[in-house]
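The values are calculated or read from the model by the stated rules, or taken from the named source; none is laboratory data. The model shown is predicted, which means the values in this text are computed figures rather than measured ones. Don't worry about glycine lacking a Cβ; one is built from the backbone with ideal geometry, like all the others, and counts go over all protein chains shown.
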Amino acid sequence: MTDAAQIRTAGPEAAQIDLWLVDVRVPQPALDPTVLDPEEGERAARFLRESDRVLYSVAHTALRTVLAARTGLPAAELRFERAPCPCCGALHGRPRLASVGGPEFSLSHSGDLVLIGLAPPSVPIGVDVERLPEARAVRETVTTLHPAERAELTAAPGGPSPEAFARVWTRKEAYLKALGTGLGRDPAEDYVGEADPGALPQGWTITTLDAGATYAAAVAVAAPAATFTFHAI
């Protein structure tokens, strides 16, 4: 994993962003799954595969753990709600802490990895981690991207590789999560690729993260500059 403390975008007042990348195959003695609330416990129990139950439980326990450390509140007492969706106004936008002036946060998990991002209050953040897709999934999904992103990926010798596509897709997912729209906003609407930083959404920092050889990861922050630091649980 890259030392993200060394990743800093230009700007005198960079937002301080804290990140955690957790491998569920590694024992996490600091995590206590009893802090999950009944709804989270029920959701975990509904997964048919044990690996999915473990991934969900570790992800949500880790989120509660880092938020408890940041807010000073017991992990089991944290309550969550959804902000209004920018697309329709319904309460399924960005997740946030209820009744607490705490940090902005984002959670993503895929395969064996969990990615958590924390940002200062009122600085929307989105993170995404994805296992590299199969070539067929790339061919089926690349057509949904922004025209400039499609052009960059298809111009590569042999066409879009799973690695290159996943880097763009995780940047896209992170940005849409930070907006609070998810895929309710057309993925073709915004350019978030790596080739033209000047074309990124104004006032945003979108950064590709190192998550190993078989995963891609990214973080998007509603700030013109940011410093990213990885932590251990």
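Criterion first (surrounded by fewer than 18 Cβ atoms within 10 Å (Cβ to Cβ) and over 19 Å from the mean Cα position of the chain (by Cα)) does residue 70 satisfy it?
It is false that residue 70 is surrounded by fewer than 18 Cβ atoms within 10 Å (Cβ to Cβ) and over 19 Å from the mean Cα position of the chain (by Cα).
Determine whether region 3-17 contains at least one residue that is modelled with pLDDT of 95 or more and either assigned to a helix (DSSP H, G or I) or under 20 Å from residue 215 (Cβ atoms) (or both). Spell out the reasoning first.
So in region 3-17, the residues modelled with pLDDT of 95 or more come out as 15-17.
From what is left, the residues that are either assigned to a helix (DSSP H, G or I) or under 20 Å from residue 215 (Cβ atoms) (or both) are 17.
Yes: one or more hits.
Taking only pairs six or more apart or across chains, which ones have beta-carbon atoms under 9 Å, a first residue in region 59-88 that is without any contact (Cβ under 8 Å) to a residue 40 or more places away in the chain and within 15 Å of residue 233 (Cα to Cα), and a second residue that is of a type in the set (Gly, Ala, Ser) and surrounded by 13 or more Cβ atoms within 10 Å (Cβ to Cβ)?
61/75; 64/75; 68/75; 69/75
Within region 112-126, can one find any residue that is surrounded by 17 or more Cβ atoms within 10 Å (Cβ to Cβ) and over 17 Å from the mean Cα position of the chain (by Cα)? Give the steps one after another, and end with the answer.
Restricting attention to region 112-126, the residues satisfying the condition of being surrounded by 17 or more Cβ atoms within 10 Å (Cβ to Cβ) are 112-119, 123-126.
When the remaining residues are screened for being over 17 Å from the mean Cα position of the chain (by Cα), the result is none.
So far as region 112-126 goes, no, none of its residues is surrounded by 17 or more Cβ atoms within 10 Å (Cβ to Cβ) and over 17 Å from the mean Cα position of the chain (by Cα).
Looking at (1) buried (at least 16 other Cβ atoms within 10 Å of the Cβ); (2) touching a Lys or Arg at 6+ places or on another chain (Cβ under 8 Å), which is the one condition that is false for residue 191?
(2)
For region 84-175, please list each of the strands (runs of 3 or more DSSP E) lying entirely inside it that holds at least 2 residues being closer than 21 Å to residue 187 by Cα and at pLDDT 95 or above.
Values: elements: 95-97, 104-110, 113-119, 125-131.
Qualifying strands (runs of 3 or more DSSP E): 104-110, 125-131.
For region 44-60, give me each residue that is surrounded by 14 or more Cβ atoms within 10 Å (Cβ to Cβ), more than 17 Å from residue 127 (Cα to Cα) and not small (Gly, Ala, Ser).
From region 44-60, those surrounded by 14 or more Cβ atoms within 10 Å (Cβ to Cβ) are 44, 47, 53-60; that's our starting set.
Next, from what is left, pick out any that are more than 17 Å from residue 127 (Cα to Cα): 44, 47, 53-54, 57.
Those that are surrounded by 14 or more Cβ atoms within 10 Å (Cβ to Cβ), more than 17 Å from residue 127 (Cα to Cα) and not small (Gly, Ala, Ser): 47, 53, 54.
In region 176-197, which residue that is among the aliphatic types (A, V, I, L, M) and under 16 Å from residue 92 (Cβ atoms) is modelled with the lowest pLDDT? Even if it seems obvious, please write down each step before you answer.
Residues of region 176-197 that are among the aliphatic types (A, V, I, L, M), as a first pass: 176, 178-179, 183, 188, 192, 195.
Next cut, under 16 Å from residue 92 (Cβ atoms) only: 176, 178-179, 183.
Details: 176: 98, 178: 98, 179: 97, 183: 92.
Per the stated criteria, the residue is 183.
Which one of 154, 144, 205 is farther than 29 Å from residue 90 by Cα and not aromatic (Phe, Trp, Tyr)? Spell out the reasoning first.
Working: 144 fails: farther than 29 Å from residue 90 by Cα; 205 fails: farther than 29 Å from residue 90 by Cα.
Going through 154, 144, 205 in turn, the sole match is 154.
Checking residue 60 against (1) modelled with pLDDT under 95; (2) under 19 Å from the mean Cα position of the chain (by Cα): exactly one of these is not met. Which one?
Result: residue 60 passes all but (1).
Looking at the structure I just gave you, is residue 226 surrounded by fewer than 22 Cβ atoms within 10 Å (Cβ to Cβ) and touching a residue at least 12 places away in the same chain (Cβ under 8 Å)?
no
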